[in-house]
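Participant: Attaching a single structure in structure tokens format; questions to follow.
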Amino acid sequence: MKSPDRRSPRRAAIPRRSLLKGAAALGLGLPLLSAVRAAPAAADPGLAKTLVLVELSGGNDGLNTVVPYTDPAYYQTRPRLAVERDRVLHLDETLGLHPNLKPLMPHWRTGELAVVLGLGYPRPNRSHFRSIEIWNTASESEQTLQDGWLHRAIIEAGGLPQGLGPLGVVLGGPVGPLAGEALTPVVLKDSKQLQTATRLLDGRDAQSANPALDHILAVRRQARDAAGRLTTALESAKQIKSDFPKSPLGRQLRLAAAVIAARAPAAVIKVQHSGYDTHANQAARHPRLLADLGAGLSAFAKALKKAGAWDRCLVVTYAEFGRRVAQNGSGGTDHGTAAPHFLLGGRLRGGLYGHQPSVGDLQGGDLIHSLDFRQLYATLAQGWLELPPAVNTFGRQRPLPVIA
């Protein structure tokens, strides 16, 4: 029998434990890693477009965000909280933005900002935990689901369209809408976390006679490449010249801009803006939140315009609910129902969509939603991600004509 050629070097095997540790550090479970493999090898994923989800955690007060400044009932029910009419930034003859959202007005004038009014769902739930679960999964009020709406829509479509990156990058809060295996969620807080994971995935590829292990190693190579591109993006975040606020939201949006500008293979990026549960002292707290939001989103848009990536990005806000119409005894507002949300991007037909719920026509003291939130999701899935209609996920909701 011929002896083996000892001049051919054997490829070193990578311990499976190190591989699993690297995957875990990236936020990738082995079932999730298989999603990376779905991208065609010849394609350069992540170049087409990215959806940026901004969770307004705690439930934003929509009435003081998009203000019905001509409605006497609004001022009667909020004698100490209503935004003064002469300070409102007019969107049309009846509605306007809170003055602290002034950085968004240039985007409104150029058609890059859309405001979707009255978003909610039937039989609303006022629990933070349960209502955000409904928004994350696109479930019915009485239905409990585990997977996020993005996973559900992508699986129903049979996979992501070619050209979209297989990763979902979470920069703030839980994975939420990204939960599931259709996207590979990478939970990042800073570049050090990612560098540690990349080192664990580093090394020469093992030679194996085990097909299952070979599959894991093939996915490992792609995950390592994705990690390298994300590391480059995070390291370049400091070089972005834009006036991001020095706040957790500002830092997250700066990182998001770097990921998109570096063409990292991420179809979805999620950030979180916390503090909107304004039961008390809302007159001081809520304006600060809106100032942070307006400055952060405007800086994000400016950074991507400088990078030539603005047309590849769509930003969408969402929250578990709005607030009650009447102020409470603590100078705040309690958990409510319907609220408006923003879309911001270079490929929008800006303007107002839907109609504002009437402050004079309430149900149990709350606004009656005028637009099902799943219609917004159907808009994002079909109009932006270019998925076919997902009837099982969103019902028969028709997309809004907001994306050019």
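The values are calculated or read from the model by the stated rules, or taken from the named source; none is laboratory data. Source: prediction; values computed, not measured. With ideal geometry, Cβ positions are generated from the backbone for all residues, glycine too; neighbour counts draw on all protein chains shown. In case anyone asks, the SASA skips ligands and DNA or RNA and just uses the protein heavy atoms, side chains included. Shrake-Rupley method; radii C 1.70, N 1.55, O 1.52, S 1.80 Å.
Participant: Which of the residues spanning segment 71-90 are in contact (Cβ under 8 Å) with a residue 40 or more places away in the chain and out of contact with any helix residue (DSSP H, G or I) (no Cβ under 7 Å at 6 or more places or on another chain)?
Facilitator: Taking segment 71-90 first, the residues in contact (Cβ under 8 Å) with a residue 40 or more places away in the chain are 71, 73-74, 77-81.
Within segment 71-90, ASP71, ALA73, THR77, ARG78, PRO79 meet the criteria.
Participant: Return yes or no: is LEU293 open to solvent by less than 10 Å² (accessible area, probe 1.4 Å) and assigned to a helix (DSSP H, G or I)? Full working, then the answer.
Facilitator: Numbers: open to solvent by less than 10 Å² (accessible area, probe 1.4 Å): yes; assigned to a helix (DSSP H, G or I): yes.
So LEU293 fits the description; yes.
Participant: Any residue in segment 309-327 that is of a type outside the set (A, V, I, L, M, F, W, C) sitting within a Cβ distance under 6 Å of a residue that is modelled with pLDDT under 95? List the pairs, counting only those 6 or more apart or interchain.
Facilitator: Every condition considered, the pairs that remain are ARG312/LYS49; ARG324/GLY365.
Participant: Also, quick follow-up: Only one of LEU343, LEU352, LEU387 is more than 29 Å from PRO248 (Cβ to Cβ) and in a strand (DSSP E or B). Can you tell me which?
Facilitator: Working: LEU343 fails: more than 29 Å from PRO248 (Cβ to Cβ); LEU387 fails: in a strand (DSSP E or B).
On inspection, the qualifying residue turns out to be LEU352.
Participant: Is there a residue being aromatic (Phe, Trp, Tyr) and surrounded by fewer than 18 Cβ atoms within 10 Å (Cβ to Cβ) anywhere in segment 97-110?
Facilitator: Restricting attention to segment 97-110, the residues satisfying the condition of being aromatic (Phe, Trp, Tyr) are 108.
Imposing the further condition that a residue be surrounded by fewer than 18 Cβ atoms within 10 Å (Cβ to Cβ) reduces the set to none.
Taking every residue of segment 97-110 in turn, none turns out to be aromatic (Phe, Trp, Tyr) and surrounded by fewer than 18 Cβ atoms within 10 Å (Cβ to Cβ).
One line per residue, one yes/no per condition, for (1) hydrophobic (A, V, I, L, M, F, W, C); (2) in contact with a Phe, Trp or Tyr (Cβ under 9 Å, 6 or more places away or on another chain):
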residue	(1), (2)
TYR318	no, yes
LEU348	yes, no
LEU352	yes, no
HIS355	no, no
GLY365	no, no
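Participant: Also: Restrict the check to segment 342-363 and report whether at least one residue is at pLDDT 95 or above, within 16 Å of ASN60 (Cβ to Cβ), in contact with a helix residue (DSSP H, G or I) (Cβ under 8 Å, 6 or more places away or on another chain) and not polar (S, T, N, Q).
Facilitator: yes
Participant: Same structure, new question: Hey, does segment 142-158 have a residue that's farther than 15 Å from ALA182 by Cα and open to solvent by less than 30 Å² (accessible area, probe 1.4 Å)?
Facilitator: So far as segment 142-158 goes, no, none of its residues is farther than 15 Å from ALA182 by Cα and open to solvent by less than 30 Å² (accessible area, probe 1.4 Å).
Participant: Still on this structure, I have one more. Looking at ALA319, ALA262, ALA266, which is the one that is within 22 Å of LEU160 (Cβ to Cβ) and under 14 Å from the mean Cα position of the chain (by Cα)?
Facilitator: Working: ALA319 fails: within 22 Å of LEU160 (Cβ to Cβ); ALA262 fails: under 14 Å from the mean Cα position of the chain (by Cα).
Testing whether each residue is within 22 Å of LEU160 (Cβ to Cβ) and under 14 Å from the mean Cα position of the chain (by Cα) leaves just ALA266.
Participant: Give ALA284, ALA257, ALA264 a once-over and let me know the one that is assigned to a helix (DSSP H, G or I) and open to solvent by less than 30 Å² (accessible area, probe 1.4 Å). Step through it out loud before you land on a result.
Facilitator: Values: ALA284 fails: open to solvent by less than 30 Å² (accessible area, probe 1.4 Å); ALA264 fails: assigned to a helix (DSSP H, G or I).
Answer to the selection: ALA257.
Participant: Also, quick follow-up: Among the candidates LEU145, LEU178, LEU117, which residue alone is out of contact with any Asp or Glu (no Cβ under 7 Å at 6 or more places or on another chain) and over 14 Å from TYR377 (Cβ atoms)?
Facilitator: Details: LEU145 fails: over 14 Å from TYR377 (Cβ atoms); LEU178 fails: over 14 Å from TYR377 (Cβ atoms).
On inspection, the qualifying residue turns out to be LEU117.
Participant: Only residues in segment 353-368 that are on the phi < 0 side of the Ramachandran plot count as the first member; pair them with residues that are open to solvent by 30 Å² or more (accessible area, probe 1.4 Å) and not β-branched (Val, Ile, Thr), Cβ under 6 angstrom, at least 6 apart or cross-chain, and list the lot.
Facilitator: Taking only residues 6 or more apart or on different chains, the pairs are HIS355/SER370; PRO357/SER370; VAL359/ASP71.
Participant: I'd like to know if segment 129-141 contains one or more residues that are among the hydroxyl-bearing types (Ser, Thr, Tyr), closer than 19 Å to TYR318 by Cβ, at pLDDT 95 or above and in contact with a strand residue (DSSP E or B) (Cβ under 9 Å, 6 or more places away or on another chain).
Facilitator: Yes, there is a match, as at least one residue in segment 129-141 is among the hydroxyl-bearing types (Ser, Thr, Tyr), closer than 19 Å to TYR318 by Cβ, at pLDDT 95 or above and in contact with a strand residue (DSSP E or B) (Cβ under 9 Å, 6 or more places away or on another chain).
Participant: When only residues in segment 83-96 that are among the aliphatic types (A, V, I, L, M) and part of a loop (DSSP other than H, G, I, E, B) count, which is surrounded by the most Cβ atoms within 10 Å (Cβ to Cβ)?
Facilitator: Kept after step one, since they are among the aliphatic types (A, V, I, L, M), are these residues of segment 83-96: 83, 88-89, 91, 95.
Retained after the next criterion (residues that are part of a loop (DSSP other than H, G, I, E, B)): 83, 88, 91, 95.
Numbers: VAL83: 25, VAL88: 18, LEU91: 18, LEU95: 20.
Selected residue: VAL83.
Participant: Something else now. Report the residue count in segment 311-324 for those that are crowded, with 21+ Cβ neighbours inside 10 Å and not in a strand (DSSP E or B).
Facilitator: Summing the residues that are crowded, with 21+ Cβ neighbours inside 10 Å and not in a strand (DSSP E or B) in segment 311-324 gives 5.
Participant: Just wondering, is there one or more residues in segment 349-357 that are within 11 Å of VAL116 (Cβ to Cβ), touching a strand residue (DSSP E or B) at 6+ places or on another chain (Cβ under 8 Å) and open to solvent by less than 40 Å² (accessible area, probe 1.4 Å)?
Facilitator: There is at least one residue in segment 349-357 that is within 11 Å of VAL116 (Cβ to Cβ), touching a strand residue (DSSP E or B) at 6+ places or on another chain (Cβ under 8 Å) and open to solvent by less than 40 Å² (accessible area, probe 1.4 Å).
Participant: Something else about it: Determine, yes or no, whether GLY173 is within 25 Å of TRP384 (Cβ to Cβ), touching an Asp or Glu at 6+ places or on another chain (Cβ under 6 Å) and at pLDDT 65 or above.
Facilitator: Values: within 25 Å of TRP384 (Cβ to Cβ): yes; touching an Asp or Glu at 6+ places or on another chain (Cβ under 6 Å): yes; at pLDDT 65 or above: yes.
Yes: the conditions hold for GLY173.
Participant: Give the residues of segment 26-72 that are modelled with pLDDT of 95 or more and either in a loop (DSSP other than H, G, I, E, B) or among the acidic types (Asp, Glu) (or both), sorted by residue number.
Facilitator: Residues satisfying the conditions are GLU55, GLY58, GLY59, ASN60, ASP61, THR65, PRO68, TYR69, THR70, ASP71.
Participant: How about segment 142-184: which of its residues are without any contact (Cβ under 8 Å) to a residue 60 or more places away in the chain and either of a type in the set (Lys, Arg) or assigned to a loop (DSSP other than H, G, I, E, B) (or both)?
Facilitator: Within segment 142-184, GLU142, GLN143, THR144, LEU145, GLN146, ASP147, GLY148, GLY158, PRO174, ALA179, GLY180 meet the criteria.
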